[in-house]
Amino acid sequence: MKISFLSLFVLLLKSNGSLATDEAIISIFDSSSYFYPEHSKSGMVVSQEIIASRVGSKILNDGGNAIDAAVATGFALAVTLPRAGNIGGGGFMMIHLVDQDKTISIDYREMAPAAANTAMFLDSLGEVDTGMSRFGAKSSGIPGSVAGLIHAQENYGKLKLSEVIAPAIELANGGFLISPELEYSLNARSGRLKRNPSSRKYFFKEDGSKYSAGEFFFQPDLGATLERISKDGHKGFYGGKTASLIAEDMIQTGGLITLEDLQNYRVIEREPVCGSYRLSKICAMPPPSSGGVHLIQMLNMLEKWDLKALGHNSAGYIHRLAEVMRYAYADRSKYLGDPDFFPVPTDQIIDKNYAERLRSKINLVRAAISNDIEPGLSLNLEDLIRFREKQIDETSETTHFSTWDRWGNVVSNTTTLNFSYGNGRSVAGAGFLMNNEMDDFSAKEGASNAYGLIGGTANAIEPGKRPLSSMTPTIVFDSSGNPTLATGSPGGGTIITVVLQIILNVLDFEMNIAEASSVARIHHQWQPDKLFYESGVSIDTLNLLKTMGHKIDKKTRRLGAVQSIQRSHTGGVFGASDPRRAGSGAIAQ
Ligand code: DON
């Protein structure tokens with residue numbers, strides 16, 4: 001007999017939290033699925049690059065907690081996954097501390113340099129120069145990754161910072177074997193990387209030829225930078241030699257980041273944005289990510305429908321998903337930005353009554369036309385800004401990893417350089433790539449970023465401001481408050497809808513986490529008015545959706561790449577890496 005998560009959950013409640021049998025584990029491994037997760041009786045690390053997952057898992061074995069493992073994995077990814085793992089970018093970390101029963105979100109998103117301004121990416125005709133905002137030296141925000149990882153480790157880890165950075169230093173100095181996936185991705189981005197002399201030196205052989213799978217890859221300048229961080233902590237990056245190398249590189253290449261900008265970089269701990277979905281509680285990243293707000297908004301809208309009865313990826317199900325996505329992304333375009341600069345109406349957007357108001361507009365047999373839909377709250381931006389001023393008087397490549405320790409602490413972390421290999425520019429002498437996160441700002445009212453996401457005043461460029469993100473590191477809890485799932489994904493604007501579908505696959509369709517990560521996904525983001533889909537959605541379903549008025553994109557897409565851990569009710573955890581990215585891995589402790 002297959003035992004569902006929901007029935008297990010009810011059983012668990014009835015038995016005062018203790019489940020006597022191994023029924024849960026049996027339900028995961030019964031013969032009804034095509035996909036099976038890794039299982040561990042203690043901890044787990046899941047990331048997009050298997051060497052880095054092994055590093056995290058070893059740290060758990062050495063007595064570290066989930067936070068130590070996450071920080072070690074983060075630094076290791078900066079070495080082994082240069083396209084997305086980074087010290088020149090930023091990200092968001094969600095932590096659940098079991099002893100304190102507390103969930104924290106750490107914002108280490110890049111900040112705009114002091115010299116940034118609203119017109120910085122406009123050409124003489126007032127149009128956005130995307131070459132500049134995506135690939136120019138000015139496309140980099142002040143990196144936050146090192147500050148964020150150190151903040152997490154020093155405040156919530158058990159080991160010394162030097163112990164969790166040591167494996168990354170060893171990988172940079174001692175080298176590691178190039179995987180087929182690294183060979184492929186370096187080659188695919190060779191144009192961008194070779195345009196920058198430092199990146200050409202770091203990522204290609206002396207004669208400019210490419211590295212091949214099976215060869216060793218050494219990064220001594222990166223190793224030296226990591227050694228400075230290991231020795232001097234925060235100051236090893238935001239001061240001293242590393243900071244000088246960054247500032248000098250900016251002067252040489254026309255970038256904006258100064259020594260003072262680096263000194264002024266601050267990590268911010270924010271209240272996570274939480275909501276309920278059926279019996280579960282969902283906590284995710286608040287602004288300046290739009291992820292948590294819209295994830296909860298969409299779940300609120302979906303909650304009243306019996307999704308399971310519609311059938312996974314049926315036309316009826318996909319139609320409902322696409323319609324709620326359309327409304328959420330319309331709101332994103334107007335109301336979301338850095339909350340320290342713009343009064344984001346988070347409470348109104350995640351309000352269940354507001355969700356019901358939007359849901360009542362959805363026609364169950366006909367797709368809406370995005371041009372007819374406007375951001376839904378009747379809020380006037382000028383009023384919002386005036387209200388905020390009163391309050392102030394008083395105060396194309398990302399990667400996700402999840403860690404879980406034997407005590408029950410959980411980390412869900414998404415980090416990015418924005419594009420694959422960021423803007424392709426490495427800091428001379430420091431050995432790492434810079435981000436092009438400034439493109440996530442709205443360079444002009446109504447203009448879209450590289451992911452086609454539209455924005456305006458709320459996300460306009462200002463010095464010190466953080467660009468709006470879609471990264472959605474998420475932790476799901478059962479009704480007793482125990483964490484049950486840690487998940488997140490890369491994918492630009494598609495991240496929020498990818499995470500949404502993982503949660504629905506687990507909670508509504510009772511899939512194990514490997515199956516939930518593997519099955520086909522869809523995406524809608526209001527504008528462009530298109531339904532994107534992965535191969536695996538049947539042509540019959542697509543035809544039905546067309547008759548309902550959906551504008552189906554011509555080509556299939558690959559949507560996201562989740563790295564998740566799910567609690568097993570028998571005491572251990574299940575880990576699953578998305579099969580969409582080669583070289584990823586779930587490593588049991
Ligand atoms: O913060 C954001 O939303 C984007 N910079 C993320 C970019 C991304 O996921 C690209 N990766 N596939």
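The values are calculated or read from the model by the stated rules, or taken from the named source; none is laboratory data. Treat the numbers as computed from the prediction; the structure is a model and nothing was measured. Note that each Cβ is placed from the backbone with ideal geometry, even for glycine, and that neighbours are counted across all protein chains shown. We work out accessible area using only protein heavy atoms, side chains counted, and drop any ligands, DNA or RNA first. Shrake-Rupley method; radii C 1.70, N 1.55, O 1.52, S 1.80 Å.
Data overview
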| read-out | value |
| --- | --- |
| Probe 1.4 Å, all protein chains present, accessible-area order of Ser448, Ser469, Ser42, largest first | Ser448, Ser42, Ser469 |
| Protection-proxy order for peptides 251-259, 487-495, each taking the mean of Cβ atoms within 10 Å per residue, highest first | 487-495, 251-259 |
| Cα gyration tensor category, rounded, prolate or oblate, for region 146-268 with a/c compared to 1.5 | oblate |
| Set of lysines with alpha-carbon distance to Lys58 below 17 Å, sequence-local pairs under 8 removed | Lys41, Lys158, Lys160 |
| Probe 1.4 Å - accessible area at Cys274, Å² to nearest ten | 50 Å² |
| Region 281-361: trypsin sites (Lys or Arg not before Pro) falling in loop per DSSP and having at most 15 other Cβ within 10 Å | Lys304, Lys361 |
| Low-density loop positions, GluC sites (Glu not before Pro), region 204-310 - DSSP coil, at most 15 other Cβ in 10 Å | Glu206, Glu215 |
| Accessible surface, per residue, of region 249-393 when the full set of protein chains is kept, probe 1.4 Å, Å² | 43 Å² |
| Filtered trypsin sites (Lys or Arg not before Pro), region 500-574: DSSP coil and at most 12 other beta carbons within 10 Å | Lys554, Lys555 |
| Solvent-accessible ranking of Glu323, Glu445, largest area first, probe 1.4 Å | Glu445, Glu323 |
| Protection proxy ranking, peptides 121-132, 144-155, average beta carbon neighbours within 10 Å, highest first | 144-155, 121-132 |
| Distance from region 245-320 to region 187-225 (C-alpha centre basis), Å | 32 Å |
| Accessible-area value, Glu374, 1.4 Å probe, nucleic acids and ligands omitted, Å² | 140 Å² |
| Proximal lysine pairs, region 191-314, alpha carbons under 15 Å, eight or more residues apart or interchain | 4 |
| Inter-centroid distance (Cα atoms) of region 520-567 relative to region 70-107, Å | 29 Å |
| Signed unit charges on C-beta, dipole axis of region 131-244, positive-most listed residue Phe216, Leu171, Gly136 | Gly136 |
| Overall form of region 279-335 per C-alpha gyration tensor (a/c, 1.5; a/b vs b/c) | oblate |
| Region 123-180 shape via C-alpha gyration tensor axes, a/c threshold 1.5 | oblate |
| With DNA, RNA and ligands ignored, accessible area of Ile50 (1.4 Å probe; Å², nearest 10) | 50 Å² |
| Residue-averaged 222 nm ellipticity for the chain, from DSSP H runs of 4+ at -39500 (n - 2.57), nearest 500 | -11000 deg cm²/dmol |
| Proximal lysines relative to Lys551, as straight alpha-carbon distance under 23 Å, when same-chain residues fewer than 8 apart are discounted | Lys361, Lys530 |
